[in-house]
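What follows is calculated from the coordinates using simple rules that are stated; it is not laboratory data. Just so you know, these numbers come straight off a predicted model, no measurement behind them. With ideal geometry, Cβ positions are generated from the backbone for all residues, glycine too; neighbour counts draw on all protein chains shown.
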Amino acid sequence: MLLFSSLAAESVFESVAIAKTDFKITFDNATAEVVMQGITQRAVTEAIKGEDGAQDYIAYQAYHLEFAFKQKFSNQRKYSTIEFYRGNTVIHVMELSDPSRKISTTRNRLNESNYMAINLEGIPLLMLDDVTRINFER
């Protein structure tokens with residue numbers, strides 16, 4: 001006799017997401033067609049130079065805002081800042097010049113799903129409750 005367990009279908013993202021989010025995402029103030037978004041917690045590793053000049057690695061847990069979006073325009077340039085808005089007011093700006101600030105993204109795939117993960121290290125998580133829009137600025 002064979003028995004099968006019927007489990008609710010759940011995506012990998014849905015099973016590891018800590019919180020679902022509903023931010024409006026823009027790139028240079030152009031609205032992105034966001035398919036899914038949420039906050040996850042995952043391991044991060046960084047290479048650092050030790051006192052002896054050798055390369056060491058550190059690992060820690062960090063929160064990430066992850067989202068999938070459809071891209072209708074070519075987007076080859078890198079972003080310098082991420083602006084967090086409440087309505088029309090910027091309430092926080094995150095500079096991307098720090099090498100420890102990481103954005104993971106897929107290649108520029110027009111009219112297909114693209115994915116981004118932003119390390120939220122140093123971002124006040126309580127502030128995210130007030131954020132309505134996140135803009136990536138060049």
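Seen from GLU83, the other residues with C-beta closer than 13 Å to its C-beta sum to a net charge of +1, counting Lys and Arg as +1 and Asp and Glu as -1. Distance between the pseudo-spin-label points of LEU96 and ARG138 (7 Å out from Cα toward the beta carbon): 1.1 nm.
What FRET efficiency comes out for the pair TYR60/VAL12, r = Cβ-Cβ distance, R0 = 22 Å, nearest 0.05? Can you show the working numbers first?
Working: r = 22 Å, r/R0 = 1.00.
For TYR60 and VAL12, the calculated efficiency is 0.50.
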